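S.K.: Before I ask anything, here is the structure I am working with.
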Amino acid sequence: MAIFHLSVKTVSRSTGRSAVAAAAYRAGDTLTNERDGRQHDYANRTGVDGSFIIAPAGCEWAHNRSVLWNAAEQTEKRSNSVTAREYVLALPAELDAKDRADLARSFASAVVKRYGVAADVALHAPSAGGDDRNYHAHILTTTREVEPDGLGKKTRILDAAKTGGPEIESLRELWAMQCNEALERHQKPARIDHRSYERQGVDMMPSLHMGPTSTTIERRHQAEQERQGEPYTPRTFKAQENARRRRLNDQVRDMVRDLAVTVREVAAHAIEVRKKGVHRLLNALRVKGKQEAEERARRAEEARKLEEAHREVLRQQAIREARERAVHESKARLEEMTRNVQRLAPDARESFLAREYPSDPFSRALKAHSHPMGSTGLSAEEKAVRERLQVYQEQEKRQKAEVQRAPVRGRGRGRGGPSRSRSLDYDSGPDFGM
């Protein structure tokens, strides 16, 4: 069954990445980054079904992969510049290789036409040991418009907070439409939808995206259990949560199916009664028939209410568990951040805070993405850490002042012999019991 997946990522120098390396890896090519002299050799990489470049008309120079991505690197001067943007698409496994390539080309051409960029498309086959339906494409695009003599202005519409979200949603809708048109054209019954289950009005819990790390752990764990002759049980949190959600969705589907069977049986029974012309019997037993009908309706209504209540309990339980996990992780993160900043030298603390809580909107959005409570949690954490640090610094100042005011006591030479005064010991710094 075809699935919908379209994610948009960036290649940024702030994370130690380069557009040249990303293009070489995805296309299975060998490229040299002229900016730092590093060669990226992925010519022997397997799993790449094909690659090609699409560029605006008259920009033939951009069809050279090395020239294109070295130009993207050399045009950007800042140390934290975004040098490329990547679209990851799940290709329908119902289509053959040529049709999947044509579908990826259609989407890349639409992106090129809309933003005036160049697109480097790499088609990937399912990885060994993974889901054999996982055909996908990586489309690497420039962040600047491509012109006949080089790269032009930045495509800011995808970076701005007000326009970026709607643009990506529009691209997701376009990709779903192109996939469904291709499936219909090739007479495949599968269809996809870019909207969430909630927006579609479907009472199902979506699964969590496993990601490369969890997927690798699960594959190794499954292979180990198969070697030991044991039944496979999920190991990572995401795999366990997906298994739990699948069980809940199956239970809901079973309840809906059972209810539908009951409704069909009642309807079939009524039709059969009408066909046999038993109106005289119904008149004689109208009281009993009415009671039976009311009882069936009551049972159907009870079944419907039980189903709705069960779904609501499952939904609230999932929400409550997710909230509790996020709060626990946020508290642990706050304590860790407080300890880290207190261990630093006073002149290094502010730079640490600026790095962990950047003021730049894009960098802060990246930090907030990894925080359990999102941007709100990140702001609250920053406020709490700074308040604790302020208390900590004030206590440091008080203890230093007390040490400086304390009298220096030595050994006297009075008639009673050496001085019996005791020396004073001072703590090396404040302690909050952290």
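S.K.: Can you tell me which of (1) modelled with pLDDT under 80; (2) loosely packed, with under 12 Cβ neighbours inside 10 Å is the one E324 doesn't meet?
M.R.: Unmet condition: (1).
A quick yes/no check of all residues on (1) open to solvent by 20 Å² or more (accessible area, probe 1.4 Å); (2) of a type outside the set (S, T, N, Q):
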| residue | (1), (2) |
| --- | --- |
| N44 | yes, no |
| S51 | yes, no |
| A57 | yes, yes |
| L68 | no, yes |
| A71 | yes, yes |
| R78 | yes, yes |
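S.K.: Sticking with this structure for a sec: Being small (G, A, S) and either over 24 Å from R185 (Cβ atoms) or surrounded by 22 or more Cβ atoms within 10 Å (Cβ to Cβ) (or both) is the filter; apply it to the range 80-104 and report the residue that is nearest to the chain's Cα centre (by Cα). Show your work before the answer.
M.R.: Let us first name the residues in the range 80-104 that are small (G, A, S), namely 81, 84, 90, 93, 97, 101, 104.
This time we only want the ones that are either over 24 Å from R185 (Cβ atoms) or surrounded by 22 or more Cβ atoms within 10 Å (Cβ to Cβ) (or both), so: 81, 84, 104.
Values: S81: 22, A84: 19, A104: 22 Å.
In this case the residue turns out to be A84.
S.K.: Continuing with the same structure: Could you please let me know if H63 is surrounded by fewer than 20 Cβ atoms within 10 Å (Cβ to Cβ), touching a helix residue (DSSP H, G or I) at 6+ places or on another chain (Cβ under 8 Å) and modelled with pLDDT of 95 or more?
M.R.: Details: surrounded by fewer than 20 Cβ atoms within 10 Å (Cβ to Cβ): yes; touching a helix residue (DSSP H, G or I) at 6+ places or on another chain (Cβ under 8 Å): no; modelled with pLDDT of 95 or more: yes.
Taking the combined requirement at face value, the residue does not satisfy it.
S.K.: Restricting to the range 338-359, name every residue that is over 28 Å from the mean Cα position of the chain (by Cα) and not in a helix (DSSP H, G or I).
M.R.: Of the residues in the range 338-359, the ones over 28 Å from the mean Cα position of the chain (by Cα) are 339, 341-351.
Scanning the range 338-359 gives L344, A345.
S.K.: If you don't mind, there's one more thing I want to ask. Look through R199, R185 and report the one residue that is at pLDDT below 75, among the charged types (D, E, K, R) and open to solvent by 80 Å² or more (accessible area, probe 1.4 Å).
M.R.: R199
S.K.: Kindly establish whether A303 is part of a helix (DSSP H, G or I), of a type outside the set (K, R) and without any contact (Cβ under 8 Å) to a residue 24 or more places away in the chain.
M.R.: No: the conditions fail for A303.
S.K.: Go through (1) touching a residue at least 12 places away in the same chain (Cβ under 8 Å); (2) exposed (fewer than 14 other Cβ atoms within 10 Å of the Cβ); (3) over 25 Å from E145 (Cβ atoms) one by one and return the number of the condition S7 breaks.
M.R.: (3)
S.K.: Residues being closer than 27 Å to H136 by Cα and charged (D, E, K, R): count how many of those fall in the range 37-85.
M.R.: 7
S.K.: Sticking with this one: Given (1) modelled with pLDDT under 90; (2) farther than 30 Å from Q251 by Cβ, identify the lone condition not met by E387.
M.R.: Just one mismatch for E387, condition (1).
S.K.: So which strands (runs of 3 or more DSSP E) are wholly in the range 105-177 and hold at least 2 residues that are surrounded by 17 or more Cβ atoms within 10 Å (Cβ to Cβ)?
M.R.: On the way: elements: 119-124, 136-141, 144-147, 150-154.
So the answer is 119-124, 136-141, 144-147.
S.K.: Okay, moving on. Scan the range 316-359 residue by residue and report those that are aliphatic (A, V, I, L, M) and within 15 Å of A384 (Cα to Cα). Can you show your working first?
M.R.: We begin by selecting, within the range 316-359, every residue aliphatic (A, V, I, L, M); these are 318-319, 322, 326-327, 332, 334, 337, 341, 344-345, 348, 353-354.
Scanning the range 316-359 gives V327, A332, L334, M337, V341, L353, A354.
The values are calculated or read from the model by the stated rules, or taken from the named source; none is laboratory data. Just so we're clear, the structure is a prediction, and the values are computed from it rather than from any experiment. Positions of Cβ are backbone-derived with ideal geometry, glycine not excepted, and every protein chain shown enters the neighbour counts. In case anyone asks, the SASA skips ligands and DNA or RNA and just uses the protein heavy atoms, side chains included. Shrake-Rupley method; radii C 1.70, N 1.55, O 1.52, S 1.80 Å.
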